[in-house]
There are 2 protein chains.
Amino acid sequence: MSVRLIESTPSAYGYPLLIKNLLKTPRVYSPDREIIFQDKSRYDYRTLYRRICRLAHVLDRAGVKQGETVAVMEYDSHRYLESFFAIPMMGSVIHTVNIRRSPESLVYTLNHAESAVIIANIEFLALLESIQDRLTHLKKIILIDGEAETATTSLEVVGTYEDLLADSPADFRFEDFSEDAVAATFYAVGSGRAPKGVCFSHRQLVMHTYSILACLCAYRFQPMADSGDVYMPLTPMFHVNAWGLVHLFTHLGAKQVYPGRSDPETILDLVQAEGVTFSHCDPSLIHTLINCPRIKEVDLSGWKVIVGGAPLSPDLCRSALELGINICSVYGMAETGPMLTAAALKPHMADWSLARQADVRTRTGLPAPLVHLEVVDVLGDPLPHDGKSIGEVVVRAPWLTRGYTGNPEESEKLWRGGWLHTGDIGYIDEEEYLHLTDRTEDAIKTGGEWIPSMELEDIICEHEAVGEAAVTRVPDEKYGEKPLALVVLKPGFEGKVDEETIRRFCKEYVRKGVLPKHGVPERIAIVDAIPRTSVGKISRRQLRQQNKPFDLNREPGSSD
Amino acid sequence: MSVRLIESTPSAYGYPLLIKNLLKTPRVYSPDREIIFQDKSRYDYRTLYRRICRLAHVLDRAGVKQGETVAVMEYDSHRYLESFFAIPMMGSVIHTVNIRRSPESLVYTLNHAESAVIIANIEFLALLESIQDRLTHLKKIILIDGEAETATTSLEVVGTYEDLLADSPADFRFEDFSEDAVAATFYAVGSGRAPKGVCFSHRQLVMHTYSILACLCAYRFQPMADSGDVYMPLTPMFHVNAWGLVHLFTHLGAKQVYPGRSDPETILDLVQAEGVTFSHCDPSLIHTLINCPRIKEVDLSGWKVIVGGAPLSPDLCRSALELGINICSVYGMAETGPMLTAAALKPHMADWSLARQADVRTRTGLPAPLVHLEVVDVLGDPLPHDGKSIGEVVVRAPWLTRGYTGNPEESEKLWRGGWLHTGDIGYIDEEEYLHLTDRTEDAIKTGGEWIPSMELEDIICEHEAVGEAAVTRVPDEKYGEKPLALVVLKPGFEGKVDEETIRRFCKEYVRKGVLPKHGVPERIAIVDAIPRTSVGKISRRQLRQQNKPFDLNREPGSSD
């Protein structure tokens, strides 16, 4: 037998999960709350809805059809917010363009996404003019600001955003369609390879909204959010659906503040003037703000900030906590829409010292509701949540990209075995927090186990003679891969310490149970210097490329 | 053109919205929280999951297949909670049996639902024995308690619940299947007609859970809920999926307290002993508790109670508020799974006087997130939210029943025009709160407008000569229906006031704009008494039946 499917009478309404349904509740609950753009614009949720309707009319008149792509090149603004809703609500696809990438990348992604219309801030006009001959699908431009330029540009400009809206009716009939319709697309930036397109459907955006709503509003974790918050994004909105927080805070009917292109002082001014209580940004912005002299004059004790995009260091976290900022790190990626985990503080940790809190708040985090997250061994089997078993992080959730646009091979690789492979290496502790230790591309998969290269480097550096160490991998017939260590000795130790000493030293850690048996490097090369990137990090790519011809059957030292 | 559907690489995991996914988060966030049954049992969420697995094994061994129905006849208990999850998680359907109905109703619903196995409290054994010959699909019984009786009953008893669980493995592989699989079924009781079966799919239960999560946790309304609450149901769990609150509080990983079959004193003891903070019940239970002497000894100031099933009177609401109970009414019905609205207090009302709060908290309420609720005229067009335009309440939401099982005619009637017709009459005020005034079957549809009979009765009773009034409807060729009023005069007015006086009095209200023109009764009959039900309410059914032969072409007074 099999399950009994629900029967539907012909007239029953199926209620597809479309993002237009997120707009109903704020207009009922808090129609008067404001949406603010810098010191330039301020309106309520009733007006937001009318402006979304007007924008849909503008796009409709510009010839945008269902299934077509409309790109947006803009700073964080109320117009971006309106585009987040109007474009998908009419059945079209919003392409949130990374405006910080090279013209090459811009040409590639606009063409690959088949973007037919671009809503572009006037500041990108010259750039667009310079690449227009290479844009294969572009038909029309809607300019944000720049009334004067519409007449003179060689691009086909429909008009300026505000003029066009003013000319359009304030009501639009948003039809129903499949909840599996693509709502949004953008590009994940790979290391040197072509950007990879990801897509998210209406259903996925709605489910993502509801999961982060639960995560932030229902579990008494810190930081928390609710409809009384004042939201201001501090990551570019093109960055992974604005982390889903624009959908969330709009559904909550919260007051929203859009900073546009701002410097740290303006950001702090807006936080103070509008009473901002919830933001998201990367660690470098927190660093910049903390080092901004103005910060002394602003009371930040009501400000909740979630930080992602790069690891948040305990030091930086503690500095923010000392300023009263309720901060924690979150984890996700382009492919995951993005939210997977939040390093939220559990209720019983609320009275811990700031240092101890910083240790929790900088972890990778607890999985959001409905996220099924595991750390798996090389066979794909889940590892225990014991704070030490290291494996690849794999996930399932209702909103993960179903593949890369037009790239079946990479799509299948991403989803091998029915789990999305994050490419991150880490472990889950006994309190269920995920800790990342490495990227899979930097870890060594040997004898069925993952050896994080950074962990092995730390061990080797414990030896009194070692100044620096870098670990990479080499192929191994029996074990798949084996670690290779490059070691720079401290001054005075040259010639006194050999490869075998270091290897014996590593074996001590195997005995202590810290390092798996296969983690002892088969080959250790004493070298003069380790390749580093421009910002001083070990260049793992260069290491791997350099060591490709390294052959374990050759004698040590003959590799380069 | 049409929308672009999301493409899925073959290995991508689709993540059906199955209720098993609600169980993941509590085990990660709060595995140690407790689930308590009276003073008899107490275990944590880890154990809950293991017991759900064990129950699935028990049912599997009893031959329950996917798509088959398992009925539950039980008081509110941890076993009912376990059944809420285990039965649908294995792909079967839980039939939550109304244990308060007649044996006839029991036979009808068990057969109609094709219930193959019943999990029954020992207290229902004799009843089941008495009807077993008429149960067409029943194969086996699992008894809750009653070890001694398993040997002597004529029913085929597999064993007792706890013995069977103890004998079963603590791990079960819950397979994926369609989110549109039926998870739960039960019967809506109509007035005198056969009960009508409604069904809810996994997807519907998950979406209902998420909407009430948002409604109760995210909008700063009063009362609010979160994972720190201690939940205790005070309605029977067979009552419309336990209002979805069992799913919600389980997903939140909240502490849960199940009272079993309890008297008011035991309920108050449990509230105090376990620190219960969130319950739901009907108004009569609140009335009973408030009048229980023990209530003076219990601090109820942390207790949030949502009340439904019947209107909550402002007096009762105020009494509860004075005891510190954070109370509000909610609205829904069997067909709506059930939650549609909550008469939650908006943040700006928090410091209002209790009397003024009671006025808000006893309204029908604000629509929950994702609920699209309108009041429509007889043509189905939405009426303005102006606090006076009265029409039928129609709704759309992602979790409404798609029809009545095996009853295509009633199903289409329920869903005519693509909206679920609640059969309730009311209006929406300018703050978006719904107010119910009547049932459609009691209102008069005349000249394209709804006239609530209760409202017209109130107007007639304003006349100094009128002791009582009852309004019903009679067919009218031109206007569809017309109101008919029965009037009992006050002592001393007999013979002094005639039909025309009352009619003139009503016309005054038309002039004032309170009553629509067609609301003036065509016929008013002065009578000696008005038919009432056993509890003193006007018997509208009897009124309609009595007045069927009432013919407008006959002279007044000749009708009976």
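Every read-out reported here was derived from the displayed coordinates using simple, explicitly stated rules and does not represent laboratory data. Since the structure is predicted, the reported quantities are computational estimates derived from the model, not experimental observations. Heads up, the Cβs are rebuilt from the backbone with ideal geometry, glycines too, and the neighbour counts pull from every protein chain shown.
Quick rundown of the values:
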read-out: Coarse-grained scattering of the protein assembly as shown at q = 0.08 Å⁻¹, given as base-10 log I(q)/I(0) from a Debye sum over alpha-carbon atoms; value: -0.96
read-out: For the range A:520-529, Karplus couplings with θ = phi - 60° (6.51, -1.76, 1.60), whole Hz, Gly/Pro x; value: 6, x, 6, 10, 10, 10, 7, 10, 7, 8
read-out: Shortest-first nm distances, B:S105 label point to equivalent points in other copies (7 Å, Cα→Cβ); value: 6.6
read-out: Mean Cβ count within 10 Å, highest first, over the residues of peptides A:65-76, A:391-402; value: A:391-402, A:65-76
read-out: Residue-averaged beta-carbon neighbours from other chains (10 angstrom radius) around A:11-24; value: 5
read-out: Using a Förster distance of 25 Å, the FRET efficiency for A:D145-A:Q66 (Cβ separation, nearest 0.05); value: 0.30
read-out: Pairwise label distance in nanometres, A:K388 with B:K496, each label 7 Å out on the Cα-Cβ vector; value: 9.7 nm
read-out: Built amide H within the under 5 Å cut-off of A:I327, gap 5+; value: A:V305
read-out: Which of A:P338, B:T288, A:L323, positive extreme of dipole for the protein assembly as shown (C-beta unit charges); value: A:P338
read-out: Cα centroid of the range A:10-79 to Cα centroid of the range B:426-450, whole Å; value: 31 Å
read-out: Dipole magnitude of chain A about its Cα centre (Cβ charges: Lys, Arg +1; Asp, Glu -1), debye to nearest 20; value: 620 debye
read-out: Longest to shortest principal axis, alpha-carbon extents of the range A:371-441, angstrom; value: 40, 25, 18
read-out: Antiparallel DSSP beta bridges within the protein assembly as shown, percent to nearest 5; value: 55 percent
read-out: Whole-Hz ³J(HN,Hα) from phi, Karplus 6.51 cos²θ - 1.76 cosθ + 1.60, for the range B:82-97, glycine and proline x; value: 4, 5, 3, 9, 4, 5, x, 4, 8, x, 9, 10, 8, 9, 8, 8
read-out: Computed over the range A:488-535, the ratio Rg/Rh where both radii use C-alpha atoms and Rh is Kirkwood; value: 1.06
read-out: Other protein chain Cβ atoms within 10 Å, averaged over every residue that makes up A:396-402; value: 5
read-out: Label point 7 Å beyond Cα along the C-beta direction, distances from B:E431 to other copies (nm, shortest first); value: 4.2
read-out: Lys, Arg +1 and Asp, Glu -1 on Cβ, resulting dipole of the range A:444-546 about Cα centre, debye, nearest 20; value: 280 debye
read-out: Chain A pair-distance distribution - Cα-Cα, 20 Å bins, rounded %; value: 19, 49, 27, 5, 0
read-out: Histogram of C-alpha separations across the range B:443-546, 10 Å bin width, %; value: 16, 50, 31, 4
read-out: Amide proton proximity set for A:L17, modelled H, under 5 Å, gap of 5+; value: A:E179
read-out: Nm distances between copies for A:G480, ranked from closest, using label points 7 Å along Cα→Cβ; value: 7.0
read-out: Estimated inter-spin distance, B:K517 and A:R511, nm [label 7 Å along Cα→Cβ]; value: 10.4 nm
read-out: Percent antiparallel among DSSP beta bridges (both partners in the range B:443-546, rounded to 5); value: 80 percent
read-out: Shielding by partners, peptide A:244-256 (average Cβ within 10 angstrom, other chains); value: 1
read-out: Distant alpha-carbon pairs in the range A:169-242 (separation over 21 angstrom), percent; value: 51 percent
read-out: ³J(HN,Hα), Karplus 6.51/-1.76/1.60, whole Hz, each residue of the range A:423-429, x for Gly, Pro; value: x, 9, 10, x, 9, 10, 8
read-out: Computed FRET value (nearest 0.05) for B:H435 with B:A170, which takes r as the C-beta separation and R₀ as 51 Å; value: 0.50
read-out: Residues whose placed amide H lies under 5 Å from that of A:L366, excluding near-sequence neighbours; value: A:A342, A:A343, A:A344, A:L434
read-out: Estimated FRET transfer efficiency when R0 is 30 angstrom, pair A:R134-A:R541 (beta carbons, to 0.05); value: 0.55
read-out: Spin-label pair A:N407/B:S8, simplified geometry with 7 Å Cα→Cβ offset, distance in nm; value: 2.1 nm
read-out: Relative contact order, percent, chain B [alpha-carbon distance under 8 Å, six or more residues apart]; value: 10 percent
